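Structure first, then comments.
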Amino acid sequence: MSDTIERIKCLIVGSGPAGYTAAIYAARADLKPVMYTGMQMGGQLTTTTEVDNYPGYPKGTDGTAMMDDFKNQAERFGTEVRFGMVTKVNFSNEVGGIHKVTVDESKEIEAETVIISTGATAKYLGLESEQRLIGGGVSACATCDGFFYKGQDVIVVGAGDTAAEEATYLANICKSVTMLVRRDEMRASKAMQHRVKKTENIKVLFNTELDEVIGDNVVDAVRVVNNQTQEKHEISVTGVFIAIGHKPNTELFKGVLDMNETGYLITKGKSTKTNLPGVFAAGDVQDHEYRQAVTAAGTGCMAALDSERYLGALL
Ligand code: NDP
């Protein structure tokens, strides 16, 4: 049930690098953006400790601190950042139409443009020890955290293209990489499998699953289980990279916006335009390929420019 209806020019849904960058640009273009942050304010980056690969931070920074910087910059130009979840959408399919959005199942917003930057969520196995040690040696992003395991032994769980890519990336930095593959073959493309095979310091254990991550505050080792023989053994490692896929946060848009078979929003050509006029998508929610803070920020900028141009063309 609606308690208030508010009419705005630009609604931004999600508060990762894409959302905040869209906010900075939209606010400076006088679109008076309102952002709803979602439950995880700051997005996926707040789950990593150090960020060393975002340009402009020569000494690196902490993921949470970086997202605070993004937020402060967006607010400096007048973005209204609100904590809340979009729970329902009723988008118009007409050029110049009004998009209706419900927040926290009560508040209604009518927006001339909507920028969706709800991101993606890395999948985890769900083991208690894995969850407890996220940030203490367990990570779902090799390009974010791999550097901290320089010269050390790590494992990668997964057998798709992401796992193969992360394993070869880590092999350049780490002393050894052990891949845990739950079946007797890998799902990754032949080309990626070939790269894995010819990398000397990657060892692949087939029919093997992660049984437990061992360590109190940091990872000391893992216990793995062969799912054919049920035999278990420990491997001494300091890093555990879970690479079993990501899930785009697009549940809300099913049947409304065009998405691919894995749920990523489809944008048109090099733009951030979705199939509905005035609705744009930026960041990981529309990108399963690069998934970096800097690429997300880039598409956030594009979404704000696309929104501005869309509104300009209506005048
Ligand atoms: P995928 O869904 O392709 O692969 C997930 C992998 O994780 C599978 O090997 C799966 O095993 C394994 N897995 C899932 N759950 C578990 C579990 N509970 N325990 C152990 N293993 C598990 O995800 P990706 O992120 O690898 O790729 C997503 C998409 O992005 C794909 O289309 C991929 O091709 C694409 N991509 C392309 C890249 C490129 O072209 N450079 C780079 C990265 C991704 P199983 O095989 O047994 O199901």
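Checking each residue in region 116-138 for being under 30 Å from Ser307 (Cα atoms) and within 16 Å of the ligand (Cβ to nearest atom) picks out Gly119, Ala120, Thr121, Ala122. Residues considered: Ala164, Ala120. Of these, the only one that is more than 30 Å from Ile8 (Cβ to Cβ) and crowded, with 21+ Cβ neighbours inside 10 Å is Ala164. The one condition from (1) closer than 19 Å to Gly126 by Cβ; (2) within 16 Å of the ligand (Cβ to nearest atom); (3) modelled with pLDDT of 95 or more that Ile214 does not meet is (2). The residue that is nearest to the ligand (Cβ to nearest atom), among those in region 252-277 that are touching a residue at least 12 places away in the same chain (Cβ under 8 Å) and outside any loop (DSSP other than H, G, I, E, B), is Leu265.
Could you check region 151-168 and list, in sequence order, the residues that are more than 6 Å from the ligand (Cβ to nearest atom), among the β-branched types (Val, Ile, Thr) and within 11 Å of Phe241 (Cβ to Cβ)? Let's see the steps before the verdict.
As a first pass, look at region 151-168 and keep what is more than 6 Å from the ligand (Cβ to nearest atom): 151-156, 164, 166-168.
Of the ones still in play, those that are also among the β-branched types (Val, Ile, Thr) are 154-156, 168.
Scanning region 151-168 gives Val154, Ile155, Val156.
Any idea how many residues of region 231-250 are charged (D, E, K, R), at pLDDT 95 or above and within 15 Å of the ligand (Cβ to nearest atom)? Counting residues in region 231-250 that are charged (D, E, K, R), at pLDDT 95 or above and within 15 Å of the ligand (Cβ to nearest atom) gives 0.
Candidates in region 100-110 are the residues that are touching a residue at least 60 places away in the same chain (Cβ under 8 Å) and within 25 Å of the chain's Cα centre (by Cα); of these, the one that is surrounded by the most Cβ atoms within 10 Å (Cβ to Cβ) is Val101.
Among the listed residues Gly278, Gly283, Gly298, which satisfies the condition of being under 22 Å from Tyr57 (Cβ atoms), surrounded by 24 or more Cβ atoms within 10 Å (Cβ to Cβ) and assigned by TED's automatic domain parsing to the domain that holds Ile116? The unique qualifying residue is Gly283. Note on region 1-20: residues that are over 15 Å from the mean Cα position of the chain (by Cα) and surrounded by 23 or more Cβ atoms within 10 Å (Cβ to Cβ) amount to 3.
The values are calculated or read from the model by the stated rules, or taken from the named source; none is laboratory data. Here the structure is a predicted model, which means the values were calculated and not measured. Don't worry about glycine lacking a Cβ; one is built from the backbone with ideal geometry, like all the others, and counts go over all protein chains shown.
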